[in-house]
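Input: a single structure, listed below in structure tokens.
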Amino acid sequence: MSESAIHGSCLCGTVEFEISPPFQRMVHCHCSRCRKGTGTGHATNLLVAPEQLTWLAGEASIARYDLPTAKSFGKWFCRNCGSPLPRISRSGTVVVVPAGALDEMPPIAPTDHIFWDSRADWDNDSGGLPTHTTYPDTW
């Protein structure tokens, strides 16, 4: 079975996007920045190459916040509803797609927990997935 593109959008429907295959990695990130940026115990993100992202509608409604004290952390979101949206890394080498913004089930499941040592005290089950203190060396 070949993979198909998956679609996503913001809460109000203003911004729509498409992610083309191949889908290689989905991770749970437990760093304090992702926790604050999502308001949850971790962010679950699909990671793809920039050429795999296509904006279908509402690109002008995307706001970007780059954390000044961070080398690469940022957040893109809908100006209307505040929903997190895919963001291209400052280096331009990867797109971080918030899994919660997807309208369709991705064809892969999370593969790893990253920044595991930074997790909230109440978030303590890895579900059997590999855990990493930072980014795995194999990335």
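Every listed requirement among (1) surrounded by 15 or more Cβ atoms within 10 Å (Cβ to Cβ); (2) of a type outside the set (A, V, I, L, M, F, W, C); (3) at pLDDT 95 or above is met by ARG25 save one, (3). Residues in segment 114-122: is at least one under 12 Å from the mean Cα position of the chain (by Cα) and either farther than 16 Å from GLU16 by Cα or not in a loop (DSSP other than H, G, I, E, B) (or both)? Within segment 114-122, none of the residues are under 12 Å from the mean Cα position of the chain (by Cα) and either farther than 16 Å from GLU16 by Cα or not in a loop (DSSP other than H, G, I, E, B) (or both). For segment 102-129, the candidate set comprises residues that are in contact with a strand residue (DSSP E or B) (Cβ under 7 Å, 6 or more places away or on another chain) and of a type in the set (Phe, Trp, Tyr); within that set, the residue that is farthest from LEU47 (Cα to Cα) is TRP116.
For (1) touching a Lys or Arg at 6+ places or on another chain (Cβ under 7 Å); (2) of a type in the set (A, V, I, L, M), each residue gets a yes or a no:
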residue	(1), (2)
SER32	no, no
GLY41	yes, no
LEU67	yes, yes
PHE73	yes, no
PRO84	yes, no
PRO110	no, no
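In segment 49-89, the residue that is surrounded by the most Cβ atoms within 10 Å (Cβ to Cβ) out of those that are of a type in the set (Val, Ile, Thr) and farther than 21 Å from SER4 by Cβ is ILE62.
Taken over segment 71-87, residues that are part of a loop (DSSP other than H, G, I, E, B) and either in contact (Cβ under 8 Å) with a residue 40 or more places away in the chain or of a type in the set (D, E, K, R) (or both) amount to 8.
Scoring LEU129 on the criteria (1) in a loop (DSSP other than H, G, I, E, B); (2) surrounded by fewer than 13 Cβ atoms within 10 Å (Cβ to Cβ) leaves a single failure, condition (2). The criterion of at least 2 residues that are under 12 Å from the mean Cα position of the chain (by Cα) is met, among strands (runs of 3 or more DSSP E) falling completely within segment 1-70, by 25-29, 43-48. Might you check whether a residue that is free of Cβ contacts under 8 Å to residues at least 60 places away in the same chain, over 18 Å from GLY8 (Cα atoms) and part of a loop (DSSP other than H, G, I, E, B) occurs anywhere in segment 94-111? No.
For every residue, the table says whether it meets (1) in contact with a helix residue (DSSP H, G or I) (Cβ under 7 Å, 6 or more places away or on another chain); (2) buried (at least 19 other Cβ atoms within 10 Å of the Cβ).
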{"residue": "HIS30", "(1), (2)": "yes, yes"}
{"residue": "THR40", "(1), (2)": "no, no"}
{"residue": "LEU47", "(1), (2)": "no, no"}
{"residue": "SER91", "(1), (2)": "no, no"}
{"residue": "ALA101", "(1), (2)": "no, yes"}
{"residue": "THR111", "(1), (2)": "no, no"}
{"residue": "TRP116", "(1), (2)": "no, yes"}
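How many of the residues in segment 5-63 are of a type in the set (D, E, K, R), touching a residue at least 40 places away in the same chain (Cβ under 8 Å) and within 21 Å of GLU104 (Cβ to Cβ)?
At the first step, the residues of segment 5-63 found to be of a type in the set (D, E, K, R) are 16, 18, 25, 33, 35-36, 51, 59.
Within this subset, residues satisfying the condition of being touching a residue at least 40 places away in the same chain (Cβ under 8 Å) are 16, 25, 33, 35, 59.
Among the residues that remain, those that are also within 21 Å of GLU104 (Cβ to Cβ) are: 16, 25, 59.
Of the residues in segment 5-63, 3 are of a type in the set (D, E, K, R), touching a residue at least 40 places away in the same chain (Cβ under 8 Å) and within 21 Å of GLU104 (Cβ to Cβ).
The values are calculated or read from the model by the stated rules, or taken from the named source; none is laboratory data. All values reported here derive from a predicted model rather than from experimental measurement. Backbone-built Cβ (ideal geometry, glycine too); neighbour counts: all protein chains shown.
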